[in-house]
1. What is the distance in Å between the Cα centres of the range 99-138 and the range 211-225?
2. Could you calculate the FRET efficiency of Gln312 with Met219 from 1/(1 + (r/R0)^6), where r is the beta carbon distance between them and R0 is 56 Å, rounded to 0.05?
3. Can you tell me the orientation of helix 126-135 relative to the chain, as the angle in degrees between its alpha-carbon axis and the longest Cα principal axis, to the nearest 10?
4. Report the extension gain between Thr255 and Glu2 in nm, rounded to one decimal, defined as 0.36 nm multiplied by the number of residues separating them, less their alpha carbon distance.
5. Which residues' amide hydrogens lie under 5 Å from the amide hydrogen of Phe38, considering only partners 5 or more residues apart or on another chain, with H built in the peptide plane?
6. Taking 0.36 nm per residue of separation and subtracting the Cα-Cα distance, what length does fully extending Lys185 through Ala121 add?
7. For a quick check of understanding: with a 1.4 angstrom probe and all protein chains in place, what accessible area in square angstrom does Asp117 have, to the nearest ten?
8. Enter the accessible area of Lys197 (Å², nearest 10), with the probe set to 1.4 Å and all protein chains included.
Amino acid sequence: METVVSGIRSTGKLHLGNYYGALSNFVKMQNEYNCFFFIADLHSLTTHPTPQDLQATVRNVVVEYLAAGIDPEKSTIYVQSDVPEVAELYLYMNMNAYMGELERSTSFKDKVRSNPDNVNAGLLTYPVLMACDILIHHGTKVPVGKDQEQHLEMTRTFANRFNHLYNTAYFQEAFAFSYSEKLVKVPGLSGQGKMGKSNGEADCIYLSDSPEVIRKKIMRAVSDAGPTAPNQTKPEAVQNLFDLMKVVSTADTLTHFDDLYNSCAIRYGDFKKQLAEDMVLATEPVRSRILEIEKDDAYIQKVLKMGAEKAQASAQKTIKEVREIMGLKRLY
Ligand code: ADP
(Lines give C-alpha, C1' and ligand atoms only; values in the text may rest on other atoms or scores of the structure.)
Protein backbone atom coordinates (compact mmCIF):
# COMPACT_ATOMS: atom_id res chain seq x y z
CA MET A 1 0.00 0.00 0.00
CA GLU A 2 1.29 3.47 -0.84
CA THR A 3 2.18 5.82 1.98
CA VAL A 4 0.71 9.29 2.34
CA VAL A 5 2.45 11.97 4.39
CA SER A 6 1.24 15.49 5.01
CA GLY A 7 1.60 18.22 7.58
CA ILE A 8 0.21 21.58 8.51
CA ARG A 9 2.28 24.17 10.32
CA SER A 10 1.14 24.93 13.83
CA THR A 11 0.84 28.64 13.36
CA GLY A 12 -2.73 29.06 14.58
CA LYS A 13 -6.27 28.11 13.76
CA LEU A 14 -7.12 26.26 10.54
CA HIS A 15 -9.05 28.10 7.85
CA LEU A 16 -11.17 27.04 4.90
CA GLY A 17 -8.10 26.99 2.64
CA ASN A 18 -6.47 24.40 4.90
CA TYR A 19 -9.72 22.49 5.11
CA TYR A 20 -10.53 22.25 1.41
CA GLY A 21 -6.93 22.39 0.21
CA ALA A 22 -5.55 19.74 2.55
CA LEU A 23 -7.76 18.27 5.27
CA SER A 24 -10.69 17.09 3.15
CA ASN A 25 -8.22 15.07 1.11
CA PHE A 26 -6.65 13.66 4.29
CA VAL A 27 -10.04 12.39 5.42
CA LYS A 28 -10.68 10.56 2.16
CA MET A 29 -7.18 9.20 1.86
CA GLN A 30 -7.13 7.52 5.24
CA ASN A 31 -9.46 4.83 3.92
CA GLU A 32 -7.20 3.97 1.00
CA TYR A 33 -3.61 4.50 2.08
CA ASN A 34 -1.19 4.16 4.93
CA CYS A 35 -1.42 7.77 6.18
CA PHE A 36 0.83 9.89 8.38
CA PHE A 37 -0.56 13.32 9.28
CA PHE A 38 1.47 15.56 11.50
CA ILE A 39 1.55 19.01 13.04
CA ALA A 40 4.65 20.78 11.76
CA ASP A 41 5.74 22.50 14.96
CA LEU A 42 9.44 22.50 13.96
CA HIS A 43 8.59 24.36 10.75
CA SER A 44 6.72 27.00 12.71
CA LEU A 45 9.89 27.83 14.71
CA THR A 46 11.11 30.00 11.81
CA THR A 47 8.85 32.76 13.16
CA HIS A 48 9.92 32.33 16.82
CA PRO A 49 6.61 31.68 18.60
CA THR A 50 6.65 31.92 22.41
CA PRO A 51 6.66 28.49 24.12
CA GLN A 52 3.11 29.13 25.36
CA ASP A 53 1.85 30.05 21.90
CA LEU A 54 3.59 27.08 20.34
CA GLN A 55 1.93 24.64 22.75
CA ALA A 56 -1.49 26.22 22.37
CA THR A 57 -1.38 26.18 18.58
CA VAL A 58 -0.14 22.59 18.40
CA ARG A 59 -3.03 21.49 20.60
CA ASN A 60 -5.42 23.52 18.52
CA VAL A 61 -4.32 21.97 15.24
CA VAL A 62 -4.60 18.45 16.71
CA VAL A 63 -8.16 19.21 17.82
CA GLU A 64 -9.05 20.59 14.40
CA TYR A 65 -7.47 17.63 12.56
CA LEU A 66 -9.64 15.29 14.61
CA ALA A 67 -12.73 17.48 14.22
CA ALA A 68 -12.25 17.55 10.45
CA GLY A 69 -12.54 13.77 10.45
CA ILE A 70 -9.06 12.34 10.69
CA ASP A 71 -9.46 9.04 12.50
CA PRO A 72 -6.54 8.12 14.79
CA GLU A 73 -7.39 4.43 14.42
CA LYS A 74 -6.92 4.62 10.65
CA SER A 75 -4.18 7.26 10.35
CA THR A 76 -1.08 8.11 12.32
CA ILE A 77 -1.52 11.60 13.79
CA TYR A 78 1.55 13.00 15.49
CA VAL A 79 3.50 16.11 16.38
CA GLN A 80 6.65 16.56 14.26
CA SER A 81 8.93 17.27 17.23
CA ASP A 82 7.88 13.97 18.86
CA VAL A 83 9.91 12.25 16.13
CA PRO A 84 13.48 13.58 16.49
CA GLU A 85 14.67 11.27 13.70
CA VAL A 86 13.18 13.83 11.30
CA ALA A 87 15.62 16.43 12.58
CA GLU A 88 18.47 13.94 12.19
CA LEU A 89 17.57 13.18 8.60
CA TYR A 90 17.30 16.94 8.01
CA LEU A 91 20.94 17.33 9.04
CA TYR A 92 22.02 14.65 6.58
CA MET A 93 19.91 16.00 3.72
CA ASN A 94 21.14 19.56 4.29
CA MET A 95 24.54 18.38 3.07
CA ASN A 96 23.06 17.71 -0.35
CA ALA A 97 20.88 20.78 -0.66
CA TYR A 98 22.54 23.65 -2.47
CA MET A 99 22.32 27.34 -1.63
CA GLY A 100 21.36 28.30 -5.18
CA GLU A 101 18.34 26.03 -5.41
CA LEU A 102 17.17 26.94 -1.91
CA GLU A 103 17.47 30.65 -2.62
CA ARG A 104 15.49 30.22 -5.84
CA SER A 105 12.49 28.70 -4.04
CA THR A 106 9.42 30.89 -4.49
CA SER A 107 8.30 30.53 -0.90
CA PHE A 108 11.75 31.58 0.35
CA LYS A 109 11.80 34.62 -1.92
CA ASP A 110 8.28 35.55 -0.73
CA LYS A 111 9.34 35.29 2.90
CA VAL A 112 12.45 37.40 2.28
CA ARG A 113 10.29 40.04 0.67
CA SER A 114 7.64 40.06 3.40
CA ASN A 115 10.00 39.69 6.37
CA PRO A 116 13.40 41.13 5.44
CA ASP A 117 14.42 41.29 9.12
CA ASN A 118 14.03 37.57 9.75
CA VAL A 119 15.84 35.77 6.96
CA ASN A 120 17.15 32.86 9.04
CA ALA A 121 18.77 29.62 7.90
CA GLY A 122 15.72 27.63 9.00
CA LEU A 123 13.68 29.54 6.46
CA LEU A 124 16.20 28.81 3.73
CA THR A 125 16.24 25.10 4.50
CA TYR A 126 12.49 24.82 5.11
CA PRO A 127 12.07 22.67 1.96
CA VAL A 128 14.76 20.26 3.20
CA LEU A 129 12.88 19.68 6.46
CA MET A 130 9.68 19.21 4.50
CA ALA A 131 11.38 16.66 2.25
CA CYS A 132 12.55 14.79 5.36
CA ASP A 133 9.01 14.71 6.77
CA ILE A 134 8.00 12.83 3.66
CA LEU A 135 11.10 10.69 3.08
CA ILE A 136 11.32 9.50 6.69
CA HIS A 137 8.13 7.45 6.10
CA HIS A 138 8.79 6.73 2.40
CA GLY A 139 5.74 8.77 1.46
CA THR A 140 4.84 8.84 -2.22
CA LYS A 141 1.59 10.79 -2.11
CA VAL A 142 1.35 14.20 -0.48
CA PRO A 143 -2.02 15.95 -0.22
CA VAL A 144 -1.21 19.66 -0.29
CA GLY A 145 -2.46 22.85 -1.88
CA LYS A 146 -1.09 24.27 -5.10
CA ASP A 147 1.39 26.53 -3.31
CA GLN A 148 3.37 23.46 -2.20
CA GLU A 149 4.09 21.98 -5.62
CA GLN A 150 7.55 23.48 -5.80
CA HIS A 151 8.46 22.02 -2.42
CA LEU A 152 7.53 18.59 -3.71
CA GLU A 153 9.67 19.08 -6.75
CA MET A 154 12.54 19.86 -4.38
CA THR A 155 11.69 16.76 -2.34
CA ARG A 156 12.12 14.66 -5.49
CA THR A 157 15.41 16.40 -6.27
CA PHE A 158 16.81 15.69 -2.78
CA ALA A 159 15.64 12.06 -2.87
CA ASN A 160 17.15 11.44 -6.30
CA ARG A 161 20.36 13.20 -5.34
CA PHE A 162 20.74 11.02 -2.26
CA ASN A 163 20.10 7.90 -4.35
CA HIS A 164 22.63 9.02 -6.93
CA LEU A 165 25.27 9.97 -4.38
CA TYR A 166 25.06 6.64 -2.56
CA ASN A 167 24.31 4.56 -5.62
CA THR A 168 21.07 3.24 -4.22
CA ALA A 169 17.35 3.27 -5.02
CA TYR A 170 16.47 3.82 -1.37
CA PHE A 171 14.16 6.85 -1.58
CA GLN A 172 11.13 7.00 -3.85
CA GLU A 173 9.70 10.07 -5.56
CA ALA A 174 6.76 11.81 -3.89
CA PHE A 175 4.06 13.69 -5.73
CA ALA A 176 1.36 16.17 -4.77
CA PHE A 177 -2.00 14.53 -4.54
CA SER A 178 -5.51 15.82 -4.82
CA TYR A 179 -8.77 14.06 -5.60
CA SER A 180 -9.78 16.84 -7.93
CA GLU A 181 -7.86 17.20 -11.16
CA LYS A 182 -6.44 20.58 -10.30
CA LEU A 183 -5.02 21.34 -6.88
CA VAL A 184 -7.51 23.44 -4.95
CA LYS A 185 -6.86 27.10 -4.29
CA VAL A 186 -9.32 28.68 -1.89
CA PRO A 187 -9.31 32.48 -2.25
CA GLY A 188 -9.31 34.86 0.71
CA LEU A 189 -11.72 37.64 1.61
CA SER A 190 -9.37 40.58 1.19
CA GLY A 191 -9.81 40.69 -2.57
CA GLN A 192 -6.43 39.27 -3.49
CA GLY A 193 -4.85 35.87 -3.69
CA LYS A 194 -5.39 32.71 -1.67
CA MET A 195 -6.81 32.56 1.82
CA GLY A 196 -3.89 32.60 4.23
CA LYS A 197 -3.19 33.29 7.88
CA SER A 198 -0.45 35.70 6.96
CA ASN A 199 -2.98 37.98 5.22
CA GLY A 200 -4.65 38.76 8.54
CA GLU A 201 -7.78 37.74 10.42
CA ALA A 202 -10.23 39.34 8.00
CA ASP A 203 -8.92 37.31 5.04
CA CYS A 204 -9.76 33.96 6.62
CA ILE A 205 -12.83 32.04 7.65
CA TYR A 206 -11.61 29.75 10.42
CA LEU A 207 -13.14 26.34 11.06
CA SER A 208 -13.79 27.49 14.62
CA ASP A 209 -15.51 30.76 13.62
CA SER A 210 -19.06 31.05 14.96
CA PRO A 211 -21.95 31.67 12.52
CA GLU A 212 -22.07 35.33 13.63
CA VAL A 213 -18.37 35.82 12.91
CA ILE A 214 -18.69 34.11 9.52
CA ARG A 215 -21.61 36.35 8.55
CA LYS A 216 -19.74 39.48 9.63
CA LYS A 217 -16.58 38.55 7.74
CA ILE A 218 -18.43 37.73 4.54
CA MET A 219 -20.48 40.92 4.62
CA ARG A 220 -17.22 42.88 4.96
CA ALA A 221 -15.39 40.94 2.24
CA VAL A 222 -13.96 43.08 -0.54
CA SER A 223 -16.08 43.25 -3.73
CA ASP A 224 -16.60 46.20 -6.12
CA ALA A 225 -19.33 48.62 -7.22
CA GLY A 226 -20.98 45.99 -9.40
CA PRO A 227 -20.99 45.12 -13.12
CA THR A 228 -21.68 47.93 -15.56
CA ALA A 229 -22.10 45.89 -18.76
CA PRO A 230 -23.47 42.39 -19.44
CA ASN A 231 -21.08 39.42 -19.31
CA GLN A 232 -18.16 41.41 -17.95
CA THR A 233 -15.06 39.61 -16.77
CA LYS A 234 -15.18 39.67 -12.99
CA PRO A 235 -12.44 41.58 -11.16
CA GLU A 236 -10.31 39.41 -8.84
CA ALA A 237 -12.12 40.31 -5.62
CA VAL A 238 -15.53 39.40 -7.07
CA GLN A 239 -14.23 36.28 -8.81
CA ASN A 240 -12.80 35.21 -5.45
CA LEU A 241 -16.22 35.39 -3.82
CA PHE A 242 -17.69 33.33 -6.66
CA ASP A 243 -14.87 30.82 -6.24
CA LEU A 244 -15.70 30.58 -2.54
CA MET A 245 -19.32 29.97 -3.47
CA LYS A 246 -18.16 27.19 -5.78
CA VAL A 247 -16.55 25.55 -2.75
CA VAL A 248 -19.44 25.73 -0.27
CA SER A 249 -22.68 26.17 -2.27
CA THR A 250 -24.64 24.02 -4.71
CA ALA A 251 -24.07 24.32 -8.47
CA ASP A 252 -27.57 25.77 -8.85
CA THR A 253 -26.88 28.58 -6.39
CA LEU A 254 -23.66 29.41 -8.17
CA THR A 255 -25.34 29.49 -11.59
CA HIS A 256 -28.15 31.64 -10.19
CA PHE A 257 -25.78 34.37 -8.99
CA ASP A 258 -23.55 34.03 -12.03
CA ASP A 259 -26.57 34.71 -14.26
CA LEU A 260 -27.51 37.72 -12.13
CA TYR A 261 -23.96 39.05 -12.44
CA ASN A 262 -23.94 38.56 -16.19
CA SER A 263 -27.22 40.44 -16.57
CA CYS A 264 -26.04 43.22 -14.21
CA ALA A 265 -28.89 42.42 -11.82
CA ILE A 266 -26.76 41.10 -8.95
CA ARG A 267 -27.14 42.61 -5.48
CA TYR A 268 -24.01 41.91 -3.52
CA GLY A 269 -25.93 42.04 -0.23
CA ASP A 270 -28.08 39.04 -1.27
CA PHE A 271 -25.14 37.27 -2.81
CA LYS A 272 -23.05 37.61 0.33
CA LYS A 273 -25.93 36.57 2.59
CA GLN A 274 -26.32 33.36 0.63
CA LEU A 275 -22.58 32.74 0.63
CA ALA A 276 -22.42 33.27 4.40
CA GLU A 277 -25.34 30.90 5.10
CA ASP A 278 -23.86 28.18 2.88
CA MET A 279 -20.53 28.63 4.60
CA VAL A 280 -22.11 28.34 8.06
CA LEU A 281 -23.82 25.13 6.93
CA ALA A 282 -20.66 23.68 5.38
CA THR A 283 -18.55 24.28 8.47
CA GLU A 284 -21.14 23.49 11.18
CA PRO A 285 -20.31 19.78 11.68
CA VAL A 286 -16.59 20.52 12.08
CA ARG A 287 -17.22 23.44 14.41
CA SER A 288 -19.40 21.42 16.77
CA ARG A 289 -16.82 18.63 16.93
CA ILE A 290 -14.08 21.18 17.71
CA LEU A 291 -16.08 22.36 20.73
CA GLU A 292 -16.45 18.77 21.95
CA ILE A 293 -12.90 17.53 21.39
CA GLU A 294 -11.13 20.60 22.76
CA LYS A 295 -12.55 19.83 26.22
CA ASP A 296 -11.19 16.27 26.21
CA ASP A 297 -7.58 16.39 27.38
CA ALA A 298 -7.35 12.65 28.03
CA TYR A 299 -8.45 11.83 24.49
CA ILE A 300 -5.99 14.28 22.92
CA GLN A 301 -3.15 12.83 24.96
CA LYS A 302 -4.09 9.27 24.05
CA VAL A 303 -4.21 10.12 20.34
CA LEU A 304 -0.83 11.85 20.37
CA LYS A 305 0.90 9.12 22.36
CA MET A 306 -0.36 6.45 20.01
CA GLY A 307 0.59 8.55 16.97
CA ALA A 308 4.07 9.33 18.28
CA GLU A 309 4.77 5.64 18.87
CA LYS A 310 3.70 4.62 15.37
CA ALA A 311 5.58 7.48 13.70
CA GLN A 312 8.71 6.83 15.77
CA ALA A 313 8.78 3.16 14.81
CA SER A 314 8.59 4.05 11.12
CA ALA A 315 11.19 6.85 11.43
CA GLN A 316 13.64 4.78 13.46
CA LYS A 317 13.71 2.10 10.79
CA THR A 318 14.48 4.68 8.09
CA ILE A 319 17.20 6.42 10.09
CA LYS A 320 18.90 3.12 10.82
CA GLU A 321 18.94 2.28 7.12
CA VAL A 322 20.05 5.76 6.07
CA ARG A 323 22.94 5.68 8.54
CA GLU A 324 24.05 2.39 7.10
CA ILE A 325 23.84 3.62 3.51
CA MET A 326 25.87 6.72 4.42
CA GLY A 327 28.53 4.78 6.30
CA LEU A 328 27.64 6.20 9.68
CA LYS A 329 28.50 3.00 11.47
CA ARG A 330 29.85 2.63 14.96
CA LEU A 331 33.44 1.48 15.13
CA TYR A 332 33.01 -0.11 18.56
P1 ADP B 1 -1.28 29.39 5.41
O2 ADP B 1 -1.08 29.64 3.95
O3 ADP B 1 -2.54 29.99 5.93
O4 ADP B 1 -0.10 29.75 6.25
P5 ADP B 1 -0.35 26.72 5.56
O6 ADP B 1 0.76 27.21 4.72
O7 ADP B 1 -0.03 26.27 6.94
O8 ADP B 1 -1.48 27.81 5.56
O9 ADP B 1 -1.07 25.53 4.76
C10 ADP B 1 -1.27 24.22 5.20
C11 ADP B 1 -1.89 23.39 4.09
O12 ADP B 1 -3.09 23.98 3.60
C13 ADP B 1 -0.98 23.26 2.86
O14 ADP B 1 -1.16 21.98 2.28
C15 ADP B 1 -1.49 24.31 1.93
O16 ADP B 1 -1.23 24.03 0.58
C17 ADP B 1 -2.98 24.27 2.21
N18 ADP B 1 -3.57 25.60 1.98
C19 ADP B 1 -3.35 26.72 2.70
N20 ADP B 1 -4.06 27.77 2.22
C21 ADP B 1 -4.75 27.28 1.16
C22 ADP B 1 -5.68 27.87 0.25
N23 ADP B 1 -6.06 29.13 0.36
N24 ADP B 1 -6.19 27.09 -0.73
C25 ADP B 1 -5.84 25.79 -0.83
N26 ADP B 1 -4.98 25.17 -0.01
C27 ADP B 1 -4.44 25.89 0.98
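The values are calculated or read from the model by the stated rules, or taken from the named source; none is laboratory data. Please read all numbers here as calculations on a predicted model, not as lab measurements. All Cβ positions, even for glycine, are placed from backbone atoms using ideal geometry, and neighbour counts span all protein chains on display. Heads up: the accessible areas ignore ligands, DNA and RNA and are worked out on the full protein's heavy atoms, side chains in. Shrake-Rupley method; radii C 1.70, N 1.55, O 1.52, S 1.80 Å.
1. 34 Å
2. 0.75
3. Roughly 70 degrees between the two axes.
4. 87.2 nm is the gain from fully extending Thr255 to Glu2.
5. Distant-sequence amide H within range of Phe38: Ser6, Gly7, Ile8, Tyr78.
6. 20.2 nm
7. Approximately 150 Å² for this residue.
8. 50 Å²
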